[in-house]
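The values are calculated or read from the model by the stated rules, or taken from the named source; none is laboratory data. Note that the structure is predicted; figures quoted are calculated from it, not measured. All Cβ positions, even for glycine, are placed from backbone atoms using ideal geometry, and neighbour counts span all protein chains on display.
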Amino acid sequence: MSQDKHLRIYGLLFVFVFCGLSPRLSWAGLKGKIIAVIYGEEKIGAFNQPQAVYFDPQRKRLYLVDTLNDRLLSFDNQYKFLSAFNAEGKLKLPYAMVRDRKGRIIVINKGDNSVFIINIKEKRIETLNLSGISPPVVPHSLAMDSSGCLYLIDRAYKRILIFSPETYKLQKIIEEKDSSGFSDIKVNNNSVYALDPIFRKVFIYDQKGNFIRSILLKDVAFPISLAVNRREHLYILDKHKGKVFIFDKQGKPMGEIGKRGWKEGKLYCPGYIFINNKNILYVVDTGNNRVEVFKIK
């Protein structure tokens, strides 16, 4: 091997070893470009402390849980308002929602600690059966996997309840002794991700509720919500810092989005995030009563 080639190899080793660089460093600048900000329009009025969003990939609709207005709002894929729904006045402090394969909306109704299963076409509302579970469940967050299984966080008792597809019969309860309790849950690539805001950890389970591992989140003050994309990158919403931290699947930092503030592109006491299959990140900017939409790049 020539002397020049030796020098090039030694030079690369010096950069990677002594400067601490690696191919992953190209991820460190991962950011989000703001592409839309959704406010309450004149005909529907301002949002009031919205708490969650859900994007339906089949219908290409975005749903907003407008909590203190006791309603769900839907928008098309250009973020134009479509309709408002309050279940004939039965929604009282709605907090989170998903939509199942039959088109039914499952929504947490904080006003009476219940979970509604709403068939809009048939104008029928059922209540998820939580009776017989002791101590009583305090519903907080929802997720649904590709098979239709429903996952429900019980915020008060550090539990995750797993329900069967469509019939929503209770299948299993996960009781995590090593957690302080969970604030959010998402499902991706056959894994279930639950966020612990106090211990600043993400607990990962398989779809049957078997523990896989946990990830400690570095440099995060108060993580309140999470999202996971197809590549298993973790998006962690920090309520206190007003930004979204991005980690790889091992928990190594990859970038961040936003900062604390009031102008568009900034966040004030944000409450929830959701990422769709096109790498569009929706941030519920609760303190500013809006939704900010970012394209990850």
What number of residues within the stretch 194-222 are modelled with pLDDT of 95 or more and either β-branched (V, I, T) or touching an Asp or Glu at 6+ places or on another chain (Cβ under 7 Å) (or both)?
10
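For the stretch 166-186, state whether one or more residues are within 20 Å of P50 (Cβ to Cβ), among the hydrophobic types (A, V, I, L, M, F, W, C) and either at pLDDT 95 or above or under 20 Å from the mean Cα position of the chain (by Cα) (or both). Steps first, please.
Going residue by residue through the stretch 166-186, those that are within 20 Å of P50 (Cβ to Cβ) are 183-186.
The next check asks that each one be among the hydrophobic types (A, V, I, L, M, F, W, C); those that pass are 185.
Retained after the next criterion (residues that are either at pLDDT 95 or above or under 20 Å from the mean Cα position of the chain (by Cα) (or both)): 185.
Looking for residues that are within 20 Å of P50 (Cβ to Cβ), among the hydrophobic types (A, V, I, L, M, F, W, C) and either at pLDDT 95 or above or under 20 Å from the mean Cα position of the chain (by Cα) (or both), one finds at least one in the stretch 166-186, hence yes.
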Looking at I246, I198, which one is farther than 25 Å from V107 by Cβ and surrounded by fewer than 20 Cβ atoms within 10 Å (Cβ to Cβ)?
I198
If N77 meets every condition in (1) more than 22 Å from K295 (Cβ to Cβ); (2) assigned to a loop (DSSP other than H, G, I, E, B) apart from one, which number is that one?
(1)
Under the condition of being of a type in the set (D, E, K, R) and surrounded by fewer than 16 Cβ atoms within 10 Å (Cβ to Cβ), which residue from the stretch 107-154 is farthest from E88 (Cα to Cα)?
D112
Name every residue in the stretch 277-297 that is modelled with pLDDT under 95 and in a loop (DSSP other than H, G, I, E, B), in order of residue number.
N277, K278, N279, K297
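Given the structure, is R101 crowded, with 18+ Cβ neighbours inside 10 Å, among the basic types (K, R) and more than 16 Å from Q51 (Cα to Cα)?
Numbers: crowded, with 18+ Cβ neighbours inside 10 Å: no; among the basic types (K, R): yes; more than 16 Å from Q51 (Cα to Cα): yes.
Spelling it out, it is not the case that R101 is crowded, with 18+ Cβ neighbours inside 10 Å, among the basic types (K, R) and more than 16 Å from Q51 (Cα to Cα).
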Considering residues of the stretch 273-286 that are of a type outside the set (D, E, K, R) and under 14 Å from S225 (Cβ atoms) only, the residue farthest from the chain's Cα centre (by Cα):
T286
Evaluation of P270 against (1) closer than 20 Å to L68 by Cα; (2) assigned to a strand (DSSP E or B); (3) within 13 Å of the chain's Cα centre (by Cα) (one fails), failing number:
(2)
Give me the pairs, please: first residue somewhere in the stretch 236-262 and farther than 17 Å from K186 by Cα, second residue anywhere and of a type in the set (D, E) and part of a strand (DSSP E or B), beta-carbon distance under 6 Å, and either six or more positions apart or on two chains.
K243/E256
Looking at the stretch 60-76 only, could you name the residues that are at pLDDT below 95 and surrounded by 14 or more Cβ atoms within 10 Å (Cβ to Cβ)?
none
